[in-house]
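Take a look at the structure below.
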Amino acid sequence: ADTVSAQANTVPGRDLALATTSTISRYRRTGTFPNGVQAIGALTTCCNPGIGDIPFQAAMNANHGFIHYIIARESNGRFEQISNYAWVKHTFGSNNNPGACGTCLTPNVTTSFVVQGCNDTYLASQAVDHFNLGPPSEVNPWTGVWNPICSYFDTGNPAVAPAQQCDGIRSVTQTQANALNTAINLAMRVYDDDLNVPGATFWYQSGYLVAGEHESLRGNNHGSRQFTPTFGSTQWTLTDGPSVLLGTVLQRWTGASIDSNTNGTDDGRYFVGVKVTGPTNGLYHYEYAVHNRDNARGAGTFRIPICQYAQVLNLGFHDVDRNAVTDWTAAKVGSEIVFQTTASNPNPLKWNSIYNFRFDSDAAPLAGNVLLDQYAVGPGALTVSVPSTTPSGVFNQNLGAGCGAGAVPSLFATGTPPRATIGNATLALTSRNNPANAPCGFLLSTVQGSTLVGPGCTAWTGDVSSLLGPLVAQADASGVASIPLAVPNDPSLEGVTLDFQALNITVGGAFLNSFNLSNGLRVRAGNLITTCP
């Protein structure tokens, strides 16, 4: 593909829109349920509401459009692409039907252009026909440029003689395509186990890409539709849901916030969806989904700012292949959570695909910016910054681990909200992992610091003599104990910090052979706390 540029090939007024997508269908299949896999295609209709005709000339002519697809699933609060990194459909002509784009200037005349005001339809079966399927890596999604010389169509499948592989003459013949059409091969594929998920909701996205269309006019190029998969005795039946929604399929994610950005005028757009749930036992769960619509360089790193002292647990990643070797690494590095592809098994987030990133943290969600580092070398910034939600609110700071004989008790804040805002009558401290019905104490320290009180056992205070309390509560049958910690409506409390630790009576405990100690918890009081501790 041509080098990324600031849309130097823009054609004024060019605007290709997705009019509809429908009739999602399954085709060739291998394997036995529930371990099989099938090819899937969908009908698409585009229209030309812009100015001038849009080339849809057949390969090997480079001047035509590309149709691309994604199958996605929402389940248990998570939104993932379940189709592979599918090959794209090269368009080869237009029927120019009247439609909703305006007055069709040349109705019902088949040409190599989508005429201004006209519609054109590609059937679902054409989406899996190998005669016009090509690798997405050959298409520059930012400029819409495809070079036929030495392309897949030029090379052939199986490949022709070397002297013919870069001569600009099409080598993928109908005979070769028919042979490939007998199996799934290069068509978009979805596995049984990704469809066989009770309670899940399924969506498909279809889209068009054409050279010369300005970025500001691409919002109507793709859209999504719900579908319902039902397995019969030997095959899936896929049933369309209601109307098409234009834009990224991430908009279908229930309760998620969606934001986006481009690499200035030098490369295409990323959409970032985020959904935060909790807190549960003091931890928020963060789910991110990143859709690369048309960024040619792709992303090799996803960085999420986080408070340096925040906890991060249960890091997870999902991509569009089934090869664990290509999974991105994940770690908390200073004040960032960093997901990154590896140099040994590179797997950048390429255009027309969605990757997922997840973790738990005690940091509350606040408005911020996430960062996508571009993978390939090229003009433009090295990083794309996208407005989003980040784990940047540490209102209750975990000071360090507890200790115990057996289960180590935990300590966290609860309430609405679970932080010491001024005038919060609902705030409480809760300890878990205590012996059933055991007496539990809650200590308050007036001196910050830590004191080693036994091997591997720390009192989270700078001076044990400064500990106040304990306030005593009885654990319930599940080992949970709570005390109220209502915050009065007193402005003088703004900025006050209080350090707490819980303990329970346990025979053979880690402290004095009688007690287990929880983690330390610093409660930061106030309504104006917007920064990390």
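The values are calculated or read from the model by the stated rules, or taken from the named source; none is laboratory data. In this text the structure is predicted, and so the values were computed from the model without any measurement. Ideal geometry is used to build each Cβ from the backbone, glycine not excepted, and the neighbour counts take in all protein chains shown. What goes into the accessible areas is simple: the full protein's heavy atoms, side chains included, and nothing from ligands, DNA or RNA. Shrake-Rupley method; radii C 1.70, N 1.55, O 1.52, S 1.80 Å.
Values for this structure:
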| read-out | value |
| --- | --- |
| Hits in region 377-430 (condition: open to solvent by less than 10 Å² (accessible area, probe 1.4 Å), within 17 Å of ALA475 (Cβ to Cβ) and not in a strand (DSSP E or B)) | PRO409 |
| Complete set of residues in region 268-295 that are in contact with a Pro (Cβ under 7 Å, 6 or more places away or on another chain) and open to solvent by 40 Å² or more (accessible area, probe 1.4 Å) | VAL276, PRO279 |
| Residue within region 439-447 that is of a type in the set (S, T, N, Q) and touching a residue at least 12 places away in the same chain (Cβ under 8 Å) present | yes |
| Residue that is surrounded by the most Cβ atoms within 10 Å (Cβ to Cβ), among those in region 313-355 that are among the β-branched types (Val, Ile, Thr) and free of Cβ contacts under 8 Å to residues at least 60 places away in the same chain | ILE337 |
| Answer from VAL464, VAL453, VAL480 - the residue that is closer than 30 Å to ILE529 by Cα and in contact (Cβ under 8 Å) with a residue 24 or more places away in the chain | VAL480 |
| Flag if ILE422 is at pLDDT 95 or above and over 32 Å from the mean Cα position of the chain (by Cα) | yes |
| Selected residue (only one of ALA159, ALA187 is open to solvent by less than 10 Å² (accessible area, probe 1.4 Å), more than 19 Å from ARG14 (Cβ to Cβ), aliphatic (A, V, I, L, M) and in contact (Cβ under 8 Å) with a residue 12 or more places away in the chain) | ALA187 |
| Any chance GLY469 is out of contact with any Lys or Arg (no Cβ under 7 Å at 6 or more places or on another chain), free of Cβ contacts under 8 Å to residues at least 40 places away in the same chain and assigned to a loop (DSSP other than H, G, I, E, B) | no |
| Residue in region 373-389 that is closer than 19 Å to LEU521 by Cβ and at pLDDT 95 or above present | no |
| Any hit, region 348-361, residues being closer than 16 Å to GLY300 by Cα, outside any strand (DSSP E or B), β-branched (Val, Ile, Thr) and modelled with pLDDT of 95 or more | no |
| Set ALA436, ALA459: member being open to solvent by less than 40 Å² (accessible area, probe 1.4 Å) and either more than 24 Å from GLY526 (Cα to Cα) or free of Cβ contacts under 8 Å to residues at least 60 places away in the same chain (or both) | ALA459 |
| Test: residue in region 255-267 that is free of Cβ contacts under 8 Å to residues at least 40 places away in the same chain, closer than 30 Å to PRO379 by Cβ, open to solvent by 10 Å² or more (accessible area, probe 1.4 Å) and not aromatic (Phe, Trp, Tyr) | yes |
| Flag if GLN165 is open to solvent by 40 Å² or more (accessible area, probe 1.4 Å) and at pLDDT 95 or above | yes |
| Options ALA187, ALA177: the member that is assigned to a loop (DSSP other than H, G, I, E, B) and either closer than 20 Å to THR248 by Cα or aliphatic (A, V, I, L, M) (or both) | ALA187 |
| Single residue of region 482-526 satisfying the filter (under 21 Å from PRO417 (Cα atoms) and of a type in the set (Ser, Thr, Tyr)) that is most open to solvent (accessible area, probe 1.4 Å) | SER492 |
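Yes/no per residue for (1) hydroxyl-bearing (Ser, Thr, Tyr); (2) touching a Gly at 6+ places or on another chain (Cβ under 8 Å):
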position	(1), (2)
GLY441	no, yes
THR446	yes, no
TRP460	no, yes
ALA475	no, no
ILE483	no, no
ALA486	no, no
VAL496	no, yes
ASN519	no, yes
